[in-house]
Each structure stands twice: as structure tokens, then as C-alpha cells.
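A quick write-up on the structure given underneath.
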Amino acid sequence: MRSRRQPSLTLRTTFAFALVAMLTVAGAGLYLYVSIERTVMQRSDHAVLARLDHFRKLLRYDLTLDKLESSPQLFENMLDSEEDIFIIGEPGKLPVISVNPSRAPLPQVPVVSQDQALSDADLRSGMSLEGVPLRAASVQALSGNTEVHLLAAHVMVKEMAMLASFRQRIYVAMTLAFAIAALLGYLLLRRGLRPLRRMAAHAADITPATLDSHRGSRLDSHDTPVELHQLSDAFNAMLDRLADGYQRLMQFSADLAHEIRTPVGSLMGHCQVALRQTRSVDEYQALLASNLEELERISRLVESILFLARADEAQAVLERQPLNLEDELQRVAGYFEGLAEERQLHIQNSGGGTLNADPILLRRALSNLVANAIRYADAGSEILVHVDSHDGEWLIQVENQGPVLAPSALTRLFDRFYRGDASRHQRSDSNGLGLAIVAAIMHLHGGRVTVAQPVAARIRFTLVFPA
């Protein structure tokens, strides 16, 4: 199944930016709408209560029911608009004055006594026939000695129309805010992401042939935003590592072809010579023994390469266990004792302790260092193998007397197939992978291997294990 394509970062950010702008405008509009609605309702309530209080005083001091009944038009003219409702009458009788142009049904309203002050709590809500809300209140008044009930209400037609118009404007403002923010956000993001597009185009043009930093494959961070400097630097560092790894791979491939070509060529030459004429049994046996020696060398080479490949891919599983380093040194020294005596060398062990490591890999690393020392030490000299602990680390040092190496050669001793001088190429028992295997073993243990020349003509390898 094809994976669903994810939306672009520009579109997602633009949508989020526009949505935030729209919600901000909506929040501000909602706050203003609620504030205006509350103000309008309060003004309407105060108008109803003020009208009741005004007419209550008029009936008490100036107007009488008879005068109102004889001039109802005069009373209607005293009202503000057609949305105002006012009813005056004696309890239990027909109203003397009844102004209700819209014939809106009135809610049940408690009557406030003559001596009680009016408040917002005395108002009741209702609904007109058109579904428009209204607010009503009722109060008791005295006209002469006659008890009169006054009921005032206001149908909020104009108020609701004003609020509806304000809502429409809020909706329009939200839509405009979303559209404008989306447009501006898209343009700004396209412009802001231009350096990323340049990086992508630059990365697409990189090939193995242009990995070399001298060929202009690195990003220039001078014209990139500050936020992308870290990405640019990390990208360039990655290219440096790839270039170094690719160069090492090319060198490794060339060295591997050279190392295999020599024994294969030797085998082919021996076979071609043997096939030119009939040979005796002894000659065939000598030929087979020589070929077997070359095949064993190829086998050791392949085994070493496979080990390094597994170590690079972290496929080697360590089986750590406590090891007595004094016993391990004695084991390795005993194994190489005969070979050392052939070259008149003496292996001297010192120090000891307990190290938690893989026994097979430790012995292989130590054996490679001792074998390297025997191979290149001056005849009649001494090989020192010493164990020490320092700053929470275990140090196993192998030191011998031998040819002086240049500092540039020291840094490359752990490269695969590297040999420090021409004499190393002449040694058929070395495939140039021993020290590389030592470095891989130390990497698996979380340690490291170092090399130094403490004095002229002496070289010291140090295995550093974490405690």
C-alpha cells in the first residue's frame, strides 16, 4: 500500500497561523458582543424601571385616572416608541390605559408595593409573538385614594437587530482575518523557508564525486537564518563524515583487491607452472603445501574482514566476565614464547588486577599487540606488557623497541591494511588488519586503544578499558 502523503509544513503552519488569527478575532468579538449585549439589556431594564417610577410619581401628585382615561392619546405620545408597552388599571378591572401595539403576551410579573423601591430583580423576561425577547415589571401606585397597578414592558426589537448586525460584522471580521492571515502567512513562510529549499537543492546535487569539501559541496551558513545555522553546521559535519568514510571505503576496496590479488596470483602461477609438464609426487605435494599456505592466508584475511564487518554493525555480542589480568598476560606470553625466542626476544609481564571483559576478545586484542611487537621489535630486545589502573580505567600497555615512526604514520596505524613502512609490506604473515581488529574490539568494550612513542625508537600501545 502506498503511504499517505503528509501535508506540507507551509500549508500546515499557514492554516495554524490563520486559525490562531481567526480565533483571536473571534475571542475579541465575543468579548465585545457580550459586553454590548449586557449594556443594552441594562439600559433597556433601566428604561422600563425609570418609566414605572416616573408614572408612579405622576399619578400620585399630578395625574388622575379620569384625566388619563379622557386623553389616552396624550399618554401614548409620552411613550418612547412602538416597542414600549404600558398598562394602567385598577386591580380586578379592565385597564384604563393599555398600550401594546404588537399585542405581545406579557409574563406573570409580581407587583411591587407603593413604598418599595424598584430594582432589576423585579423585572421578568418574556417573548413577543415574533420571538423577540421583552422585559416587564409592575408596580403599585396611588392616584388620589385609588390603588392603581402599573405594568411597563419593552420589546427589544431594535436592540436585537443591532446585536444581529454586530454578530454579522464579527463573522465577516473572522473570515477576513482568516483569509488575510492565511495569505500573509503563506507568503512569509514561503520566503522564510527559502533557505531550506536551497539546502534541499544543494543536497540533491551532491554525488560521491563531489563529497570532497574542496569541490564546493559544503553549505555556506553566512546567508542562512540564525535558526538554521545548527542544521547547516550539522549537515556539513555529516558530509565531512561521509567523505571520510567514502574515502576510507575506496582505500579499503583498493587495499583488499591488492591483498587478495597477491595470493590468488601466486596460486595461479604455481598451478600454471605445474601443469606445463608432468611432475613427481613429491613435487605435487610441495605445490599443494605451498598452495595450502596461501589459502590459509586468504582464509585468515577473510575471517578478519568478517570480524571487522560484524564489529562495525555491532553484531558481536560481548560475554563479559571477571578476568584475572595476571593470568591472561601469562597465557599470552606462554603462547608467543617460542616465536619470541626465535627472534631472541623476551616478554616481560608486570601488574595485575580483575577486569570485566569478554575473554576471547581480550585475548585476541592482546595477542594482536604482542604479535605486532614480536614482528617489528628489534632482535634481542625486550617486550614489556604492563597492567595498571588510573582514574577509574584499566590500562594494558604493550611496549617494544623498534623503528622510529613519523607522527603521521602513528595516526594511521589502526587503519585497515595500513603498514607504517616498506618493510611491513614484505612480511607475508601480516595482512594489515591486526591493529584495526584491536581498535574494533576496544570499541565494542566501550574503551579505546592509543599509540605513542615515549622515547625515540620505542613504541607503546595502550588498551584503555572502562572500570
Original post:
What does the charge dipole of the chain about its Cα centre add up to, to the nearest 20 debye, if the Cβ of each Lys and Arg holds +1 and the Cβ of each Asp and Glu holds -1?
Top reply: 1360 debye
Original post:
What does the highest-first list of 349-362, 276-289 look like by mean Cβ count within 10 Å?
Top reply: 349-362, 276-289
Original post:
If you take the alpha carbon radius of gyration of the range 158-248 and divide it by 2.2 N^0.38 Å, what ratio comes out, to two decimals?
Top reply: 2.00
Subject >> Y376, Y246, Y31, ranked by accessible area, largest first (probe 1.4 Å) >> reply: Y31, Y246, Y376
Subject >> Solvent-accessible heavy-atom area per residue, rounded to whole Å², over the chain at 1.4 Å >> reply: 60 Å²
**OP:** Taking all protein chains together and a probe of 1.4 Å, list M22, M156 from the most accessible to the least accessible.
**Re:** M22, M156
**OP:** Can you tell me the relative contact order of the range 179-309? Whole percent, Cα pairs under 8 Å, sequence separation 6 or more.
**Re:** 17 percent
Subject >> Nearest-10 value in Å² for the accessible area of H46, using the 1.4 Å probe >> reply: 100 Å²
Original post:
Of the accessible area of the chain, with the probe set at 1.4 angstrom, what percent is carbon plus sulfur?
Top reply: 56 percent
Subject >> Residues of type lysines that K67 reaches as a straight line, Cα spacing below 22 Å, ignoring anything fewer than 8 places off in the same chain >> reply: K57, K93
Original post:
Roughly how many Å² of M250 are accessible to a 1.4 Å probe, to the nearest 10?
Top reply: 100 Å²
**OP:** For S304, S253, write out the residues from largest to smallest accessible area, computed with a 1.4 angstrom probe and no ligands counted.
**Re:** S253, S304
**OP:** Set the Förster radius R0 to 60 Å, insert the Cβ-Cβ distance between L187 and Q114 as r into 1/(1 + (r/R0)^6), and round the FRET efficiency to 0.05.
**Re:** 0.30
Original post:
Which whole-number percentage describes the relative contact order of the chain, with Cα contacts under 8 Å and a sequence gap of 6 or more?
Top reply: 10 percent
Original post:
Taking the C-alpha atoms of the chain, how large are the radius of gyration and the largest Cα-Cα span, Dmax, in Å?
Top reply: 50.5, 158
Original post:
So what are the radius of gyration and Dmax for the Cα set of the range 225-293, in Å?
Top reply: 25.0, 81
Original post:
So if R0 is 22 Å, what FRET efficiency would L94 and Q140 give, r being the distance between their Cβ atoms, rounded to the nearest 0.05?
Top reply: 0.80
Original post:
In percent, what relative contact order does the range 123-196 have, based on Cα pairs under 8 Å that are 6 or more apart in sequence?
Top reply: 19 percent
**OP:** With unit charges on the beta carbon (Lys/Arg positive, Asp/Glu negative), name the residue among A28, H149, I437 whose Cα is farthest towards the positive pole of the charge dipole of the chain.
**Re:** A28
**OP:** Let me know the charge dipole size of the range 93-224 about its Cα centre in debye, to the nearest 20, where only the beta-carbon of Lys, Arg (+1) and Asp, Glu (-1) is charged.
**Re:** 680 debye
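The values are calculated or read from the model by the stated rules, or taken from the named source; none is laboratory data. Given the structure is predicted, the values throughout are model-derived calculations rather than measurements. Cβ coordinates were reconstructed from backbone atoms using ideal geometry, including for glycine residues, and neighbour counts include every protein chain displayed. The protein model used for the area step is the full one, side chains on, heavy atoms only, and it has no ligands, DNA or RNA in it. Shrake-Rupley method; radii C 1.70, N 1.55, O 1.52, S 1.80 Å.
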